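As structure tokens, the structure follows; a few thoughts come after it.
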Amino acid sequence: MTRTSVIAALAAGLIVGACAPERDIDPTIAPGAPGAEAFWGSGAKQGVGTSYEAYLNGAHSDAAATGVVSRVWFTFANGTITEIMHGLIHEAQVNSVRFAVTGESFADFEDADMSHEMAFVDVDSAGRPRAPAYRITSYDLDGRYTLTKTILTDPGRQAFLVRARLEGEDGLRLHMLVDPAIANSGGGDQARADRDALFAWEDDKYLAIVGDRRFSAVSAGFDGVSDGEADLRDNGVMDWRFASTGGVPGNVTLTARFPALSGGAAEHVVALGFGASEEDARDQAAGAVSADFEETVARYVGEDAHVGWRDYLDGLPALASLYDVSRDRGVLANASALALKVHEDKTYAGALVSSLATPWGATTPAVADEFGYRTIAPLHLYHSATALLALGDEATAREAFNHLPWIQVNTMTPGNRGVTGWFPQEALVDGAPVSAMVSLDQTAAPILLGWRLWRAEALSERALQAAYTSGLRQAADFLVDGGAVALQDNMADIAPPRSQRERWGVREGYSPSTMAALVAGLTIAADIAEMSNDPEAANRYLTAAQRYSNEIERRLFTTTGVFADGDSDGRYFLQTAGEGGPDAKAEKRSIDGGPVLPEDRILDAGFLNLARYGVRSVLSAGIIETLPEIDDAALPAGARLKYEFRFVEAPGVYPGWRRFGHDGYGEDSALGRNYFEDGVHTEGQRGRVWPLLTGERAHYELQLAMADDVLTGSEASRLRRDYVRAMELFANDGLMLPQQVWDEPGANAFGLVPGEGSNAAAPFTWGHAEYVKLLRSIRDGAVWDAYPPVAQRFATR
């Protein structure tokens, strides 16, 4: 049944008792099953949050100082609460919580009809955030009302809380519209409503919604047909009172109306509770909503004797020392510390996911196996863990390393029929592979992380030796030998240093960034093997590292490249190359929908990792000769990497780079559509500028400035002015660093602003990690995640 037919049926009296504004619940079942197709919320989050949970013996525990572990996370975008996760961090249970205000002759929805401002609930005297709790103020464009929401999780319960304050003319009505996504799916849910509580469920997962007083009207319906929005948009009045969705699973919605505004202002507190039964979920919600709201905020923040987010930040010994390195007095440094820790699962300590966002979520179907970036990519986890280590959070960094065996492919990995020792491109926090493609960078990263923790004295030598025996040796062996992979639908023979995917996961072949990771990973593996009394393996790893190093320029540095105008001379590193060598101009396709092009047309700044990891000197001829190409603003829009941005609030010009030429991972520059909208790649897809690459370039510039082993004050100031400040300006209003920011070429149907986030994911933890490590590197006068044994052996070239 369509929305139009529902309205027609109502008008004809075929749906009994659905009008009568002040009636109690009507027993009528909502029509329109299964509802419209479900999509996730916008990927451009302005904020993410969860409660801080202390460790007890390296694990989250109800017996720890923070008490009962709350396994609830939330996000918001465009002023609207979007996904809420409960259980494991990848398990969304709610798609959105929206508010609407109605009055005489109008119905306004916060996501479409209001403007918004947001602020952190707790900041210090310099404006630095102290906890991921938020206050979102929404304004009527005609000035009739103001709606303020305060949002956070209950740190001692499985519940999310929102306090909504409506100020305006008497008689206005506030409504809450909840779109469940139980069991990480927008479909397959059931729902029922009464004025004391509203429920949604699928199998043994339940959501309960309870207010601090009875709702004045409630309804359950199917999205796009018999939901609250369809009802209110019809005539501005909540006419429908559907008691349930009738046992038919689908894309359900729940709507609750609050009493009419009287006296110019009213506050309402609502809790969304989660549990394995209706009673359990209701108890969680009722307990949360009955507690004093300000006391809950105090527990969440960590005021007075409570242990909360303030305690976490205060326990980071290096954080305050980074404030003077920043250009914003440490505002983004605090936000980054919070964001990195928020992205940890609370069943599997140290399981750090890439983002709580689903990129281009508004056009991504909300199906059960679509987790967005709520997954572990070992390379991303490496960056998050080394950034937390840079802040002084040794415990989380160590547990991140300790969690990696859950991800590594072994004989017990379900469905594995091939070689072991490698790490998949993506996995869930419980170890289930999401993408079984092989990126050799992902397998090298855990080796580097273990050694880095040991060097920082965050991991004992005995623990590192045990990790070597149980997993790192197998990873290093795979980097030498490769083998036949047989997991999920990936059946491939991997022959290092050729990788099935380079670090971005889009092309196969030889790659500078992958070669850098391989040489560094095997050199460090040899160091660990030596301390583990395994000299034979150490020699084997060093021999392979030397062989791979010897192949880098021969396989990847072209001398006849297509870019040979202006400052470009046709001599540069390629992103990838095949067996024919760098001058073969073999054609390659990217899995992200980019065009099929000769290899010499694809530039990529990943070669800078050769210097960062110590595989090549910062003054290596190949690196120096490639810089003009990646900085060439005269290249055609498809090939060009570098863009410059200007911001009203900060005079100057700030640099950014796309990840590679002809990148297809972005909005369509011809049609103005989201990436992969309707499940179809289009010719105009164009990846935009990635803020993390500004940090990577800054690390290279730091190394270049220290070619004489001294970082001068003027060079440090330049790095802070040009690169640190650029990353701070790329952050959005909620201090979330996006995966991509908009550059100018092509159609801009979404009204995006150059230098501000696109519809891809925000926050992106790799970006926050790169920012933190950049601050630490400038503070120390040395690259934070450098590997001296590698540089001592290889950086003479």
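The values are calculated or read from the model by the stated rules, or taken from the named source; none is laboratory data. All values derive from a computational prediction rather than experimental measurement. Neighbour counts are summed over all protein chains in view; Cβ atoms, including those assigned to glycine, are modelled from backbone coordinates with ideal geometry. These accessible areas exclude ligands, DNA and RNA; they are computed on the full protein's heavy atoms, side chains included. Shrake-Rupley method; radii C 1.70, N 1.55, O 1.52, S 1.80 Å.
When you scan segment 34-50, how many residues do you find that are part of a loop (DSSP other than H, G, I, E, B) and open to solvent by 40 Å² or more (accessible area, probe 1.4 Å)?
Taking segment 34-50 and keeping what is part of a loop (DSSP other than H, G, I, E, B), we get 34-38, 40-43, 45-46.
Adding the requirement that they be open to solvent by 40 Å² or more (accessible area, probe 1.4 Å) leaves 34, 36-37.
Residues flagged as part of a loop (DSSP other than H, G, I, E, B) and open to solvent by 40 Å² or more (accessible area, probe 1.4 Å) within segment 34-50 amount to 3.
In segment 60-88, of all residues being of a type in the set (S, T, N, Q), part of a loop (DSSP other than H, G, I, E, B) and within 15 Å of L152 (Cβ to Cβ), the one that is most open to solvent (accessible area, probe 1.4 Å) corresponds to T66.
Pick out the one residue from A200, A183, A164 that is crowded, with 24+ Cβ neighbours inside 10 Å and modelled with pLDDT of 95 or more.
Working: A183 fails: crowded, with 24+ Cβ neighbours inside 10 Å; A164 fails: crowded, with 24+ Cβ neighbours inside 10 Å.
Result: A200 is the single residue among A200, A183, A164 that is crowded, with 24+ Cβ neighbours inside 10 Å and modelled with pLDDT of 95 or more.
One residue alone among V307, V297, V325 is out of contact with any His (no Cβ under 9 Å at 6 or more places or on another chain), among the hydrophobic types (A, V, I, L, M, F, W, C), more than 27 Å from R452 (Cβ to Cβ) and part of a loop (DSSP other than H, G, I, E, B), and that residue is V307.
Any residue at all in segment 264-279 that is more than 24 Å from A220 (Cα to Cα), open to solvent by 30 Å² or more (accessible area, probe 1.4 Å) and of a type outside the set (S, T, Y)? Spell out how you get there, then give the answer.
Step one: filter segment 264-279 for residues more than 24 Å from A220 (Cα to Cα), giving 264-266.
Of the ones still in play, those that are also open to solvent by 30 Å² or more (accessible area, probe 1.4 Å) are 265.
Checking the rest, the ones that are also of a type outside the set (S, T, Y) come to 265.
Yes, segment 264-279 contains at least one residue that is more than 24 Å from A220 (Cα to Cα), open to solvent by 30 Å² or more (accessible area, probe 1.4 Å) and of a type outside the set (S, T, Y).
For segment 170-209, residues that are closer than 17 Å to H86 by Cα and assigned to a strand (DSSP E or B) total 13. In segment 94-105, the residue that is farthest from G171 (Cα to Cα) out of those that are open to solvent by 10 Å² or more (accessible area, probe 1.4 Å) and assigned to a strand (DSSP E or B) is S96. When L232, L207 are checked against the criterion of being at pLDDT 95 or above, of a type in the set (A, V, I, L, M, F, W, C) and under 17 Å from G275 (Cα atoms), L207 stands alone in meeting it. Within segment 224-256, the set of residues being surrounded by fewer than 23 Cβ atoms within 10 Å (Cβ to Cβ) and of a type in the set (K, R) comprises just one member, R233. Please determine whether any residue of segment 256-279 is in a helix (DSSP H, G or I), over 26 Å from A36 (Cα atoms), over 27 Å from the mean Cα position of the chain (by Cα) and not hydroxyl-bearing (S, T, Y). Yes, that holds for at least one residue. Cβ-Cβ contacts under 7 Å between residues 6 or more apart (or on different chains), taken from a first residue in segment 408-420 that is more than 19 Å from D441 (Cα to Cα) and in contact (Cβ under 8 Å) with a residue 40 or more places away in the chain to a second residue that is open to solvent by less than 100 Å² (accessible area, probe 1.4 Å) and part of a loop (DSSP other than H, G, I, E, B), are listed as G415/Q488; N416/V409.
Filtering segment 603-617 to residues that are buried (at least 22 other Cβ atoms within 10 Å of the Cβ) and either modelled with pLDDT under 95 or part of a loop (DSSP other than H, G, I, E, B) (or both) leaves L603, Y613, G614, V615, R616.
Rundown of residues vs (1) in contact with a Gly (Cβ under 9 Å, 6 or more places away or on another chain); (2) over 18 Å from I209 (Cα atoms); (3) buried (at least 22 other Cβ atoms within 10 Å of the Cβ), yes/no style:
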{"site": "I136", "(1), (2), (3)": "yes, yes, yes"}
{"site": "D140", "(1), (2), (3)": "yes, yes, no"}
{"site": "D154", "(1), (2), (3)": "yes, no, yes"}
{"site": "D170", "(1), (2), (3)": "yes, yes, no"}
{"site": "M176", "(1), (2), (3)": "yes, no, yes"}
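So which residues in segment 757-785 are in a loop (DSSP other than H, G, I, E, B) and either under 16 Å from the mean Cα position of the chain (by Cα) or surrounded by fewer than 18 Cβ atoms within 10 Å (Cβ to Cβ) (or both)? Don't jump to the end; show me each part of the working.
We begin by selecting, within segment 757-785, every residue in a loop (DSSP other than H, G, I, E, B); these are 758-761, 763-764, 781-785.
Residues satisfying the conditions are S758, N759, A760, A761, P763, F764, G781, A782.
Pairs are defined by a Cβ separation below 7 Å, a sequence spacing of at least 6 or placement on different chains, a first member in segment 107-132 that is in contact (Cβ under 8 Å) with a residue 60 or more places away in the chain and more than 17 Å from Y323 (Cβ to Cβ), and a second member that is surrounded by fewer than 19 Cβ atoms within 10 Å (Cβ to Cβ) and of a type in the set (G, A, S); the pairs so defined are A107/G236. None of G656, G695, G661, G687 is open to solvent by less than 10 Å² (accessible area, probe 1.4 Å), in contact with a Gly (Cβ under 6 Å, 6 or more places away or on another chain) and either at pLDDT 95 or above or not hydroxyl-bearing (S, T, Y) (or both) except G687.
Name the one entry in E715, E728 that is open to solvent by 10 Å² or more (accessible area, probe 1.4 Å), of a type in the set (D, E) and in contact (Cβ under 8 Å) with a residue 24 or more places away in the chain. Quick ask: steps written out before the conclusion?
Numbers: E715 fails: in contact (Cβ under 8 Å) with a residue 24 or more places away in the chain.
Exactly one residue qualifies, and that residue is E728.
Selection of helices (runs of 4 or more DSSP H) fully inside segment 352-461 by the criterion of at least 1 residues being over 27 Å from A38 (Cβ atoms), acidic (D, E) and open to solvent by less than 40 Å² (accessible area, probe 1.4 Å) returns 394-407, 440-455.
What about A286, is it of a type in the set (G, A, S) and open to solvent by 50 Å² or more (accessible area, probe 1.4 Å)? Step through it out loud before you land on a result.
On the way: of a type in the set (G, A, S): yes; open to solvent by 50 Å² or more (accessible area, probe 1.4 Å): no.
Judged against the criteria, A286 is not a match.
Apart from one condition, D592 fits all of (1) open to solvent by 30 Å² or more (accessible area, probe 1.4 Å); (2) at pLDDT below 95; the exception is (1). Taken as a whole, segment 80-93 holds no residue that is out of contact with any strand residue (DSSP E or B) (no Cβ under 6 Å at 6 or more places or on another chain) and polar (S, T, N, Q).
The residue of segment 423-466 that is nearest to E399 (Cα to Cα), among those that are of a type in the set (V, I, T) and touching a helix residue (DSSP H, G or I) at 6+ places or on another chain (Cβ under 7 Å), is I447.
Filtered by the rule that a residue be farther than 18 Å from S336 by Cα and either out of contact with any helix residue (DSSP H, G or I) (no Cβ under 7 Å at 6 or more places or on another chain) or in a loop (DSSP other than H, G, I, E, B) (or both), segment 126-146 gives R135, I136, T137, Y139, D140, L141, D142, G143, R144, Y145, T146.
Mind listing just one residue for me: the one in segment 636-653 that is assigned to a strand (DSSP E or B) and open to solvent by 50 Å² or more (accessible area, probe 1.4 Å) and, of those, nearest to P745 (Cα to Cα)? Reasoning before the result, please.
Let us first name the residues in segment 636-653 that are assigned to a strand (DSSP E or B), namely 642-647, 650-653.
After this cut, where a residue has to be open to solvent by 50 Å² or more (accessible area, probe 1.4 Å) as well, the list is 644, 646, 651, 653.
On the way: E644: 13, R646: 16, P651: 23, V653: 18 Å.
Among residues in segment 636-653 that are assigned to a strand (DSSP E or B) and open to solvent by 50 Å² or more (accessible area, probe 1.4 Å), the one nearest to P745 (Cα to Cα) is E644.
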